[in-house]
Amino acid sequence: MKAQEPFALTALIALIGVSGCVQQTEPINELGLISYAVDGDTIRLSDGEYVRLIGINSTESGEKCFEEAKKHLASLVNNRLASMQSDEENRDKYGRLLRYVFVDDNFVNLELVESGNAFAFRFEPNTLYSGEFALAEEQARAAGKGCLWSKS
């Protein structure tokens, strides 16, 4: 039995060491004051935290539609109080909070896809609204909405 003790201790240390990476089980619902839109799918809160909007993706700086997406997000959130909801994971690999963002009665993540300023993008395992986002993208594409889907 003594030969197994070091293995058991190593396993226990390994479990403790990865406990910070374990997915949360309960969603986090919180309020935050949004300072500004960083780009088309990331915001900065007044406390300095960065928030990556879950379930969507917008183009990067220098790419087509970047400025339009950033401006649209800014018009929805800058200097506004938001309700934010997590999904399975709390943060991404860059340390940003992962959240669904609601300002007043507007579901910001969904609005960006509906308006043709962001793509629906599955962030496994954070897929609570992925069906809604996929449908919104199909409809925006069919209607030629926003910078991403306009016919011009």
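Coordinate-derived values only; no laboratory data. As the structure is a computational prediction, the values presented were derived from the model and not from experiment. Cβ placement follows ideal geometry from the backbone for every residue including glycine, while neighbour counts extend to all protein chains displayed.
For D105, put the label point 7 Å out on the Cα→Cβ axis and report which residues of the range 64-93 keep their amide N under 17 Å from it. Inside the label zone: 83. Put a plus charge on the Cβ of each Lys and Arg, a minus charge on the Cβ of each Asp and Glu, and nothing anywhere else: the dipole of the range 113-152 about its Cα centre is then about 200 debye. Candidates T42, L110, A120 compared by Cα position along the dipole of the range 24-149: farthest toward the positive end lies T42, with charges placed on Cβ.
One chain, two ends: Y36 and N78. Fully extended at 0.36 nm per residue, the span grows by 14.7 nm beyond their Cα-Cα distance.
Note that the range 39-51 has calculated 3J(HN,Hα) couplings of 8, x, 9, 9, 10, 10, 8, 5, 8, x, 6, 9, 10 Hz, one per residue in order, obtained from phi through the Karplus relation 6.51 cos²θ - 1.76 cosθ + 1.60 (θ = phi - 60°); glycine and proline are x. For the range 24-149, taking Cα atoms only, Rg and Dmax work out to 13.4, 39 Å respectively.
For the residues S86, S75, S35, what sequence is obtained by ranking on other C-beta atoms within 10 Å, fewest first?
Fewest-to-most ranking of S86, S75, S35: S75, S35, S86.
For the range 98-106, putting each phi into the Karplus relation 6.51 cos²θ - 1.76 cosθ + 1.60 with θ = phi - 60° gives couplings of 9, 8, 8, 10, 10, 10, 6, 9, 9 Hz, in residue order, rounded to whole numbers and with x for Gly and Pro.
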